[in-house]
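*Asks:* Questions regarding the structure given below will be posed in turn.
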Amino acid sequence: MPSASFTYEPVGATRDDLSFCPPGFHPMHVRTRIGEGPEVFRRAAEAVLTWEMHRAMGVGIDATADRAAPDVDVTVTLAGLIKAPCRIVWTVEESRRAGWAYGTLTGHPECGEEAFVVDRTGDGTVWLTVAAFSKAAKWYARAGGAATRGLQHAYARRCGTVLRRLCADEEQL
């Protein structure tokens, strides 16, 4: 049984609505076009579900499983200094949608939930959506204010850039 506690409620709220944001939290919703076609979707989904996208961004990932699944604990390390413990709260693996969300645990500099979802629309376009609701939990995140939120948005945009690069060869097929 996982020992650390979630630092927010409602846990799992992004499952049905990626734009959900409870009162007192800051919303984030960044959508990036990755490419087109079923092979791009397959590659993007696998990169997101296996932490490959995150690792390719240069962040440390220490997870209790090789693939995202509910109740998997994940610690994200930024710049070798900031450790952000999280737990997967939901996953989805469907023919046109794949991804997961994690929620913050005690010790995370932020408080909230963040989702990484790849979807393939009716016209075949593959998108990555990074959506979150969060608020500062540690003093340095509070001190950063709007700059902290700006860094979160930059991170989400970088996820899309890195995933597009990882999938570039698939689009050529």
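*Asks:* Going through 60, 12, 37 one at a time, which residue ends up being surrounded by 14 or more Cβ atoms within 10 Å (Cβ to Cβ) and modelled with pLDDT under 95? Step through it out loud before you land on a result.
*Replies:* Details: 12 fails: modelled with pLDDT under 95; 37 fails: modelled with pLDDT under 95.
Testing whether each residue is surrounded by 14 or more Cβ atoms within 10 Å (Cβ to Cβ) and modelled with pLDDT under 95 leaves just 60.
*Asks:* Given the residues 89, 118, which is the only one that is of a type outside the set (S, T, N, Q) and touching a helix residue (DSSP H, G or I) at 6+ places or on another chain (Cβ under 8 Å)? Give the steps one after another, and end with the answer.
*Replies:* On the way: 89 fails: touching a helix residue (DSSP H, G or I) at 6+ places or on another chain (Cβ under 8 Å).
Checking each option against the conditions leaves just 118.
*Asks:* Taking the stretch 121-152 on its own, how many of its residues are under 12 Å from residue 32 (Cα atoms) and out of contact with any Cys (no Cβ under 7 Å at 6 or more places or on another chain)?
*Replies:* Taking the stretch 121-152 and keeping what is under 12 Å from residue 32 (Cα atoms), we get 125-131.
Keeping just the survivors that are out of contact with any Cys (no Cβ under 7 Å at 6 or more places or on another chain) gives 125-127, 129, 131.
Counting residues in the stretch 121-152 that are under 12 Å from residue 32 (Cα atoms) and out of contact with any Cys (no Cβ under 7 Å at 6 or more places or on another chain) gives 5.
*Asks:* Another question about this same structure. From 160, 150, which residue is assigned to a helix (DSSP H, G or I) and in contact with a helix residue (DSSP H, G or I) (Cβ under 9 Å, 6 or more places away or on another chain)? Don't jump to the end; show me each part of the working.
*Replies:* Working: 160 fails: in contact with a helix residue (DSSP H, G or I) (Cβ under 9 Å, 6 or more places away or on another chain).
Answer to the selection: 150.
*Asks:* If you check 68, 47, 84, 98, which single one turns out to be of a type outside the set (Ser, Thr, Tyr), in contact with a helix residue (DSSP H, G or I) (Cβ under 8 Å, 6 or more places away or on another chain), surrounded by 14 or more Cβ atoms within 10 Å (Cβ to Cβ) and assigned to a strand (DSSP E or B)?
*Replies:* On the way: 68 fails: assigned to a strand (DSSP E or B); 47 fails: assigned to a strand (DSSP E or B); 84 fails: in contact with a helix residue (DSSP H, G or I) (Cβ under 8 Å, 6 or more places away or on another chain).
Selected residue: 98, the only one of 68, 47, 84, 98 that is of a type outside the set (Ser, Thr, Tyr), in contact with a helix residue (DSSP H, G or I) (Cβ under 8 Å, 6 or more places away or on another chain), surrounded by 14 or more Cβ atoms within 10 Å (Cβ to Cβ) and assigned to a strand (DSSP E or B).
*Asks:* Out of the stretch 1-44, which residues are in contact with a helix residue (DSSP H, G or I) (Cβ under 7 Å, 6 or more places away or on another chain) and either aliphatic (A, V, I, L, M) or closer than 16 Å to residue 88 by Cβ (or both)?
*Replies:* The initial filter retains those residues of the stretch 1-44 that are in contact with a helix residue (DSSP H, G or I) (Cβ under 7 Å, 6 or more places away or on another chain), namely 26, 28, 30, 32, 34-37, 39-40, 43-44.
Passing the criteria: 28, 30, 34, 40, 44.
*Asks:* For the list (1) touching a Phe, Trp or Tyr at 6+ places or on another chain (Cβ under 9 Å); (2) over 23 Å from residue 11 (Cβ atoms); (3) in contact (Cβ under 8 Å) with a residue 40 or more places away in the chain, I need the number of the one condition that residue 66 fails.
*Replies:* That leaves (3) as the condition not met.
*Asks:* Mind checking which residues of the stretch 18-30 are surrounded by 15 or more Cβ atoms within 10 Å (Cβ to Cβ) and under 16 Å from the mean Cα position of the chain (by Cα)? Quick ask: steps written out before the conclusion?
*Replies:* Of the residues in the stretch 18-30, the ones surrounded by 15 or more Cβ atoms within 10 Å (Cβ to Cβ) are 18, 20-21, 25-30.
Listed by number, the residues that qualify are 18, 20, 21, 26, 27, 28, 29, 30.
The values are calculated or read from the model by the stated rules, or taken from the named source; none is laboratory data. Model, not experiment: these values are computed from the prediction. Glycine gets a Cβ as well: all are built from the backbone with ideal geometry, and neighbour counts include every protein chain shown.
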